[in-house]
1. Give the number of residues within region 64-89 that are of a type outside the set (S, T, N, Q) and under 15 Å from residue 116 (Cα atoms).
2. Do we have any residue at all in region 101-119 that's touching a helix residue (DSSP H, G or I) at 6+ places or on another chain (Cβ under 8 Å) and in a helix (DSSP H, G or I)?
3. Could you grab me the full set of residues in region 1-43 that are of a type in the set (D, E, K, R) and either in contact with a helix residue (DSSP H, G or I) (Cβ under 7 Å, 6 or more places away or on another chain) or farther than 15 Å from residue 59 by Cα (or both)?
4. Taking the stated definitions as given, is residue 29 closer than 24 Å to residue 117 by Cβ, of a type in the set (Gly, Ala, Ser) and assigned to a loop (DSSP other than H, G, I, E, B)?
5. Got a sec? Which strands (runs of 3 or more DSSP E) wholly within region 41-82 have at least 3 residues that are touching a residue at least 24 places away in the same chain (Cβ under 8 Å)?
6. Tell me which residues, restricted to region 71-92, are within 17 Å of residue 22 (Cα to Cα) and touching a helix residue (DSSP H, G or I) at 6+ places or on another chain (Cβ under 6 Å).
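Only the coordinates and a few stated rules stand behind these numbers; no lab work does. Since we're looking at a predicted model, the values are computed, not measured. Counting neighbours? That spans all protein chains shown, and the Cβs are built from the backbone with ideal geometry, glycine included.
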Amino acid sequence: MITGLDHIQLAAPPGTEDALRAYYADVLGMTEVPKPPALAARGGCWFEAGTARLHLGTDPGFRPARKAHPGLRIHDIDTFATRLTAAGAPVTWDDHLPGHRRFYSADPVGNRLEFLEAADGKQTGPAGERTEPAGT
């Protein structure tokens with residue numbers, strides 16, 4: 001029986017860990033967590049913030065996904081969007097999710113990321129709650 005979501009894994013080209021650390025830690029404000037030694041030898045890096053855990057693994061044949069992405073709940077979406085824009089990251093607003101404000105961005109290697117906040121400024125529902133139609 002599934003009891004929750006442990007982490008999301010994204011891929012990145014080998015040798016991009018420094019750029020990923022600068023983005024996920026310095027720009028997004030996530031905390032890097034050490035990988036177990038046996039996994040650290042493979043490259044990549046792991047981050048967390050609140051209950052969100054994001055693993056970035058290296059892939060020599062990396063190509064960013066065009067549709068797949070994690071959706072990260074945030075607080076104060078306008079300030080967050082301004083921070084990303086100031087860091088040179090793209091911000092594309094999308095108003096197609098009723099009851100939420102959200103935008104899409106990309107990390108330094110092109111991974112698509114969604115950032116969202118309830119329209120009333122409160123946190124969105126618990127992980128796993130379906131808030132948008134299937135196929136989006």
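1. Summing the residues that are of a type outside the set (S, T, N, Q) and under 15 Å from residue 116 (Cα atoms) in region 64-89 gives 14.
2. No: region 101-119 contains no residue that is touching a helix residue (DSSP H, G or I) at 6+ places or on another chain (Cβ under 8 Å) and in a helix (DSSP H, G or I).
3. The answer is 6, 18, 21, 26, 32, 35.
4. yes
5. Filter on region 41-82 gives 52-58, 71-73.
6. 87, the sole residue that qualifies.
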